[in-house]
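Working notes, structure below.
Computed from the coordinates by the stated procedures, all read-outs in this text should not be read as laboratory data. A quick note: this is a predicted structure, and the numbers were derived from the prediction, not measured. Because the Cβ atoms are built from the backbone with ideal geometry, glycine has one as well, and the counts that use them run over all protein chains shown.
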Amino acid sequence: MDEGVKALFEPRSVAVVGASRHPGKIGYEILNNLIEYGFPGKIYPINPKAEEILGLKVYPRLSEVPGTVDLVVVSVPARIVPDVIDEAGKVGAKAAVVIASGFKEVGNEELEEELVKRARKHGIRVLGPNVFGIVYAPSRLNASFGPTHVIPGSVAFITQSGALGIALMGMTIVERIGVSAIISIGNKADIDDADLLEYLGEDPRTRVILIYMEGVRDGRRFMEVAKEVTKKKPVIVIKAGKTEAGARAVASHTGSLAGNVKIYSTAFRQAGVIEAMTVEEAFDWARAFSYLPRYEDGKLVLVTNGGGAGVLSTDMLVSRGVRLSPPPKSLVEKVREYLPSFASLGNPIDVTGQISSEGFVRAVMDALNNDEVGAVLAIYCQTAVTDPMLIASKLVESVDLSGGLRKPLIVTMIGGEETYWAIQRLNKARIPAYPMPERAAAAMATVINYGRYVSRVRNLRNG
Ligand code: COA
């Protein structure tokens, strides 16, 4: 494990160079986040013009800090950064997060090279420049100027876009997607996706890794590392800059080369990396992976009270390579006992619009508890004879009573405001739920395809 990358995630002490006295300035907000998120180690604000900020003693320069400094967050203008790195080297820092913009992304390549040269001289690993920082929940580390209180969980999010990353950080809070890490990777002058993947691949607190990528510096190394990591946990990538105009926007944003779309897609597939086309897909899938056990084998059964939603889900599954076979006979016999005579007992099992809330949950649970079934997609359309919140609560209760999920269950709830709250209820209980059938079906297809991928590569290795 690279010591510098480790120090980025698990520093014992952090210095903020450019910690500002003024609320609203980046250096102030980073210091505030570090304190508010509860970093347990030493925090050293550095500012030659201040004596105390946010109740902490301020040091005029790094060399005057009394203890050791593992991680230095650098929030001073670009031209001063190389000198700060020299100082960081003198106090034995192992990693630096360089917030400043004004490097390669605006054509200032020399300054970026100088930064890297000095960091290498001192053995310091650099995140950035041009980043909003890093959050690592297990260390209670929020060295960023994004939202303060991200919800701890198991999704690690690496983003090459700063503002989008900060905005999505906020979204994870609203959507209650727990994160292990959020890393702004910026210009990738030193630390790149592969370095972070190596760490996160080994991190027991991270179950799924999501990357917003504009370009990759060393494609071969990224693929080599990704290939190993995807055997253990899913890696989802949103590749931006797919069109010519998009690629030009990438060049002026982070100075990366967007590259050829097809080459990226092929390489991702070969390394087992899951490519999402939209941010919505990426977060939908990350949520499913973070909540669910891995799909092993067995039939996928769809249970629905709405024929049309069942058809749409089937189309989405098939278009993503998941075929549906008839449900197990034992399941058909069981549900026949209580479903209306006109219920359709194929796959999807259409329990009909006449079914009660209890009946719907019963059918979902019967499917889930059947030994031949490997995964269940429950598709619910709001009707006057059912209550979405009752369904959500009963489902949560039944899953709890049966000892938790041992196979993937994904739910879609289509309807009015009540379904919105029911979806929140399910997600809070770690049963992934979505408001549209296609989104739930795409998430299920992704979970199944990844489960199959892992089995395939494991069988290859064992065979
Ligand atoms: N060591 C320590 N502190 C120093 C210093 C030094 N050598 N030189 C100056 N400072 C202090 C300043 O006095 C100031 O403190 P104050 O506000 O209490 O006076 C603080 O450090 C910050 O310096 P300042 O010159 O005011 O810079 P700034 O806060 O306006 O801007 C950046 C610094 C890094 C935020 C800015 O240059 C920048 O790059 N902004 C863009 C960041 C960005 O968008 N990144 C990408 C996100 S995705």
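Near LYS233, which lysines are there with a Cα under 21 Å away, not counting those fewer than 8 places off in the same chain?
LYS6, LYS407
Which net charge results for the neighbourhood of VAL351, defined as the other residues with beta-carbon distances under 14 angstrom from its beta-carbon, given Lys and Arg at +1 and Asp and Glu at -1? If you can, show how the numbers build up before the last one.
Numbers: positive: LYS334, ARG336, ARG362; negative: GLU337, ASP350, GLU358, ASP366.
Surrounding charge for VAL351 is -1.
With the contact rule set at Cα under 8 Å and sequence spacing of 6 or more, what percent relative contact order holds for region 194-248?
On the way: 52 pairs, mean separation 23.2, N = 55.
Result for region 194-248 is 42 percent.
Using per-residue counts of other Cβ atoms within 10 Å, averaged over each peptide, order 19-28, 135-144, 396-405 from highest down. Walk me through the numbers on the way to the answer.
Values: 19-28: 17.2, 135-144: 23.4, 396-405: 13.2.
Sorting 19-28, 135-144, 396-405 by mean packing, highest first, produces 135-144, 19-28, 396-405.
Are there trypsin sites (Lys or Arg not before Pro) in region 376-463 that DSSP puts in a loop and that have at most 14 other Cβ atoms within 10 Å, and which ones? Numbers along the way, then the final one.
Working: sites: LYS394, ARG406, ARG425, LYS428, ARG430, ARG439, ARG452, ARG456, ARG458, ARG461; in loops: ARG406, ARG430.
Here the sparse-neighbourhood loop sites are ARG406.
How do HIS149, HIS122 line up, fewest other C-beta atoms within 10 Å first? The partial results should precede the final answer.
Numbers: HIS149 11, HIS122 17.
Arranged by neighbour count, lowest to highest, HIS149, HIS122 become HIS149, HIS122.
Would you please name the GluC sites (Glu not before Pro) within region 1-83 that are DSSP coil residues with at most 12 other C-beta atoms within 10 Å of their C-beta? Walk me through the intermediate numbers first.
Values: sites: GLU3, GLU29, GLU36, GLU51, GLU52, GLU64; in loops: GLU51.
Those satisfying the criteria are GLU51.
Using the Kyte-Doolittle scale, which helices in the chain average at least 0.0 and also have C-alpha atoms spread 27 Å or more along the helix axis, with helices defined as whole DSSP H runs?
Numbers: long enough: 437-462 (37 Å, -0.42).
Membrane-span-like by this criterion, though nothing is claimed about a membrane: none.
How many percent of all Cα-Cα pairs in region 78-196 sit more than 19 Å apart? The partial results should precede the final answer.
Values: 3252 of 7021 pairs.
Here the long-distance tail beyond 19 Å is 46 percent of all Cα pairs in region 78-196.
Skipping prolines and chain starts, which residues have an amide H placed within reach, meaning under 5 Å, of the one on LEU141, given they are 5 or more residues away or on another chain?
Sorted by chain and number, the residues that satisfy this are TYR136.
Between region 287-311 and region 320-365, what's the alpha-carbon centroid distance in Å?
13 Å
Give the separation of the Cα centroids, region 41-66 to region 105-143, in Å.
That distance is 20 Å.
Please report the equivalent ellipsoid semi-axes of region 262-401, computed as sqrt(5 x eigenvalue) of the Cα gyration tensor, largest first, in whole Å.
Details: eigenvalues 174, 56, 46 Å².
Square roots of five times the eigenvalues give 29, 17, 15 Å.
Over the chain, what is the relative contact order in percent, taking alpha-carbon pairs closer than 8 angstrom and at least six residues apart?
Numbers: 988 pairs, mean separation 49.1, N = 463.
Once normalised by length, the contact order is 11 percent.
Would you work out the relative contact order for region 3-99, in percent, from Cα pairs under 8 angstrom that are 6 or more residues apart? List each step's numbers first, then the result.
Details: 172 pairs, mean separation 31.5, N = 97.
Relative contact order of region 3-99: 32 percent.
When Lys and Arg each count +1 and Asp and Glu each count -1, what net charge do the other residues less than 13 Å away from VAL303, Cβ to Cβ, add up to?
Numbers: positive: LYS299, LYS334, ARG362; negative: ASP350, ASP366.
Around VAL303, the surrounding residues sum to +1.
Taking H as built 1.01 Å from N, whose amide H comes closer than 5 Å to the amide H of MET436, not counting residues under 5 places away?
It is MET413, by chain and number.
Do any GluC sites (Glu not before Pro) in region 316-374 lie in a loop, going by DSSP, with at most 14 other beta-carbon atoms within 10 Å of their beta carbon, and if so which? Please report the intermediate quantities before stating the final value.
Numbers: sites: GLU333, GLU337, GLU358, GLU372; in loops: GLU337, GLU372.
For GluC sites (Glu not before Pro) across region 316-374 that sit outside H, G, I, E and B with at most 14 neighbouring Cβ atoms in 10 Å, the list reads GLU337, GLU372.
Using every Cα-Cα pair within the chain, state what percent have a distance larger than 38 Å. Present the calculation step by step, with values, prior to reporting the outcome.
Numbers: 34210 of 106953 pairs.
Looking at the chain, the distances longer than 38 Å represent 32 percent of pairs.
If we count other beta carbons within 10 Å of each Cβ, what is the order of THR266, THR206, fewest first?
THR266, THR206
What number comes out for the charge environment of SER265, summing +1 per Lys or Arg and -1 per Asp or Glu over other residues with Cβ under 10 Å away? If you can, show how the numbers build up before the last one.
Values: positive: LYS239, LYS242, LYS262, ARG269; negative: GLU275.
Cβ neighbours under 10 Å give a net charge of +3.
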